[in-house]
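Some notes on the structure that comes next.
The values are calculated or read from the model by the stated rules, or taken from the named source; none is laboratory data. These figures come from a predicted structure and were not determined experimentally. Reconstructed Cβ throughout: ideal geometry from the backbone, glycine too, with neighbour counts over all protein chains shown.
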Amino acid sequence: MDSPFKADALKGKVALLTGGGSGIGFEISTQFGKHGASIAIMGRRKQVLDSAVSALNSLGIPAIGFVGDVRNHEDAKRVVDSTFQHYGHLDILVNAAAGNFLVSAEDLSPNGFRTVMDIDSVGTFTMCHEALKYLKKGGLGRTSSSGGTILNISATLHYTAAWYQIHVSAAKAAIDATTRNLALEWGTDYDIRVNGIAPGPIGDTPGMSKLAPDEITSKARDYMPLYKLGEKWDIAMAAVYLASDAGKYVNGSVLPVDGGLWLSRPRHLPKDAVRQLSRVVEKKSRNAPVGLPKSKL
Ligand code: HXC
């Protein structure tokens with residue numbers, strides 16, 4: 001699908017994306033590149049990075065890959081610094097790296113819980129912390145008079161609760177809190193906008209194939225009225241909006257991009273029944289003698 005944004009919306013920007021070589025992260029890398037940005041991607045698997053970089057290059061997008069694990073502070077520092085050394089500045093940081101698996105709370109070991117917290121939450125903070133010196137207004141390599149921007153990818157499952165996802169719910173909640181707190185502190189002190197995107201179920205991603213095999217997805221359509229899969233493109237367009245000047249007044253927001261799914265719940269009464277019922281109730285209360293205590297109505 002074509003982008004509704006101008007092709008130069010991110011012209012001249014340098015974006016570093018963790019988890020940018022696959023899934024949603026790769027689609028954001030691609031769309032940022034198609035809108036004029038130069039791309040650096042960080043990931044653990046060299047072959048994934050290599051094929052992502054050649055795919056971007058084949059579209060004419062300048063791209064470089066850095067092997068690293070966001071759980072390792074030295075890796076985070078090296079990758080952020082190398083991106084700066086390679087391109088001469090850094091404007092956009094996208095934290096899209098994530099870890100996940102389905103497991104009940106009682107079967108999850110504390111180390112399993114910690115592993116996902118380390119990748120998603122601590123990893124996000126570590127990357128932000130390392131990128132600050134380049135993103136802040138007047139920071140290293142900055143030619144523009146404004147600060148850079150950060151996008152943190154979370155989810156919607158912690159808005160309520162999610163089966164077999166206690167570790168991820170906790171981790172994504174921490175990411176959203178990090179987004180808002182950095183938006184407050186770094187927006188005020190350094191002119192850095194920090195926002196988040198909370199994707200719903202997005203088709204053709206490692207997350208979906210791990211969390212919702214096909215048979216579960218088709219059942220979910222029956223009881224969730226708004227259920228439909230999103231596309232990676234939907235998330236990438238939200239990212240272009242937030243990272244570009246279109247989002248220049250947006251700071252500290254976490255944008256759910258899920259078709260409204262997190263609001264969805266089974267309808268407890270058919271619409272016609274509710275029309276009938278509410279009229280009967282109104283009629284009863286209108287006909288009730290004045291002064292009768294409410295409990296007698
Ligand atoms: C129970 C598990 C487990 C499982 C790992 N663990 N997999 N526990 N069920 N399926 C536990 C291990 O037993 C261990 O604890 C601890 O987690 C660390 O496991 P390792 O395998 O040593 O960790 P590591 O090799 O670093 O792998 C990290 C990972 C892995 C998160 C476990 O799945 C991974 O690297 N995933 C990256 C890719 C990914 O998941 N992408 C999808 C993101 S989807 P013990 O106690 O035994 O030592 C996404 C969408 C979220 O983010 C929103 C959805 C709506």
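So here's what we get for this one:
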{"quantity": "Residue in segment 164-173 that is among the charged types (D, E, K, R), closer than 17 Å to VAL254 by Cβ and modelled with pLDDT of 95 or more present", "calculated": "yes"}
{"quantity": "Odd one out for ARG193, checked against (1) within 12 Å of the ligand (Cβ to nearest atom); (2) surrounded by 17 or more Cβ atoms within 10 Å (Cβ to Cβ); (3) of a type in the set (Lys, Arg)", "calculated": "(1)"}
{"quantity": "Search result, residues across segment 38-71 that are within 20 Å of THR124 (Cβ to Cβ) and in a loop (DSSP other than H, G, I, E, B)", "calculated": "ARG44, ARG45, GLY68, ASP69, VAL70, ARG71"}
{"quantity": "Yes/no for THR149 being of a type in the set (Ser, Thr, Tyr), away from the ligand (no atom under 16 Å from the Cβ) and buried (at least 22 other Cβ atoms within 10 Å of the Cβ)", "calculated": "yes"}
{"quantity": "Segment 181-190, residues that are under 14 Å from SER121 (Cα atoms) and surrounded by fewer than 20 Cβ atoms within 10 Å (Cβ to Cβ)", "calculated": "ASN181"}
{"quantity": "Selection within segment 155-180 - within 14 Å of GLY123 (Cα to Cα) and within 8 Å of the ligand (Cβ to nearest atom)", "calculated": "VAL168, LYS172"}
{"quantity": "Matching residues, segment 257-277, being outside any loop (DSSP other than H, G, I, E, B) and exposed (fewer than 10 other Cβ atoms within 10 Å of the Cβ)", "calculated": "LYS271, ASP272"}
{"quantity": "Qualifying residues in segment 106-145 (those that are surrounded by fewer than 16 Cβ atoms within 10 Å (Cβ to Cβ) and hydroxyl-bearing (Ser, Thr, Tyr)) - the one nearest to the ligand (Cβ to nearest atom)", "calculated": "SER109"}
{"quantity": "Residue satisfying all of: in segment 1-47; of a type in the set (A, V, I, L, M) and surrounded by fewer than 18 Cβ atoms within 10 Å (Cβ to Cβ); farthest from PHE84 (Cα to Cα) among these", "calculated": "MET1"}
